[in-house]
Each structure stands twice: as C-alpha cells, then as structure tokens.
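A.B. asks: Input: one structure, supplied below.
The values are calculated or read from the model by the stated rules, or taken from the named source; none is laboratory data. For clarity, every value in this text was computed on a predicted model and none was experimentally measured. Cβ atoms come from the backbone with ideal geometry, glycine included; neighbour counts cover every protein chain shown.
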Amino acid sequence: MPEFVTSFHRSKLPEFAVFPFTKHVLEEVLRDIPQASIAISFFAWRSDKTFGRKSGKGRGMKVSRKDADTDVFSAHYFRGEWTIWVFPVRNDKEERIKELLHKEGFERLREWFLEKAPIEDPRSTGYESPSHLNVEFDGQKLLYRLTG
C-alpha cells in the first residue's frame, strides 16, 4: 500500500461547498497499486460566494476554464512525484458526483495509476513527459481528460 501524504491548500470551505471524498476513501481505492508514495492535496481557492480565485490582495481573478466549479480531482505524475489534487464541489452536486465516483471514477483513477506505474521503473530515463488524469463533472456525468 502506498504512503499517502496529505496537505491542505485552503482556508475554510464556504457553506455551499464540500470535498467529494476523503483521504480514507483514496487509501481504500488505491490500496493495491505499486506506487510507493502519493501526495494528496485538498485544494480550494474558491471565494465565499463563488468558485472564482482570489488574489493575495483580495482582488478576484478569473479562473482559466469556464466550468471551474465542475473540477472533481486531478492526478499527476511529474519528475518522479505522484500527486492527487482534490477540489471542492457544490453541495447540491455532491451526491451525484459521489455516486459516479464509486460507480466508475475511482476505478478509472486506479487503472490510471496501474497503467502509469512503469514510468517509475529505475531503468527509465527520468525524462518521461508529465502525465495527468483530470476528472470533471458536467452536471450529469464525469468527464475524463488524459494527457501524457
């Protein structure tokens, strides 16, 4: 079982938002993958009323993607590091997102880790391209975007 190292990059979540799963759920889902260590970051840059970013001086910044509040999680491999970023979702979407995660999303995440495990091989060059699995919710289904 991998070691899961958790960090929180957020202040208190607003009342309308919740994280769609916990570290414990990931530990259960990913208990048999070969990776030695995975960093899990619970990340919220959302403001009190919207999912817009806030700059350090309290001024709002535009989020680069128009449906940023549909981000669920993003898994990454880069420079020998495995990371999962977990994003908050709106309370009214949480139940459906959790249902889909348990039905298909966690299995897709597990498969991604198993498929990408060979890039961690000590015989590899160390210059592999970054790899990402981004999961979003469109209001009805989960969307999977793979790069690398």
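A.B. asks: How about the range 93-106: which of its residues are in contact (Cβ under 8 Å) with a residue 40 or more places away in the chain and of a type outside the set (A, V, I, L, M, F, W, C)? If you could, list the steps in order and put the result at the bottom.
C.D. replies: First pass over the range 93-106, keeping only residues in contact (Cβ under 8 Å) with a residue 40 or more places away in the chain: 93-94, 96-98, 100-101, 106.
Of everything in the range 93-106, those that are in contact (Cβ under 8 Å) with a residue 40 or more places away in the chain and of a type outside the set (A, V, I, L, M, F, W, C) turn out to be Lys93, Glu94, Arg96, Lys98.
A.B. asks: Considering only the range 42-84, state which residues are among the hydroxyl-bearing types (Ser, Thr, Tyr), at pLDDT below 90 and touching a Phe, Trp or Tyr at 6+ places or on another chain (Cβ under 9 Å). Talk me through it step by step, then tell me what you get.
C.D. replies: Residues of the range 42-84 that are among the hydroxyl-bearing types (Ser, Thr, Tyr), as a first pass: 47, 50, 55, 64, 70, 74, 77, 83.
If we keep only those that are at pLDDT below 90 too, we end up with 47, 50, 55, 64, 70.
The answer is Thr70, and nothing else.
A.B. asks: Hey, can you tell me all the residues within the range 110-148 that are at pLDDT 75 or above, surrounded by 14 or more Cβ atoms within 10 Å (Cβ to Cβ) and either in a loop (DSSP other than H, G, I, E, B) or among the charged types (D, E, K, R) (or both)?
C.D. replies: Arg110, Lys116, Glu136
A.B. asks: Then there is this: Could you run through the range 19-38 and say how many residues are surrounded by fewer than 13 Cβ atoms within 10 Å (Cβ to Cβ) and closer than 13 Å to Glu107 by Cβ?
C.D. replies: Total meeting the criteria: 2.
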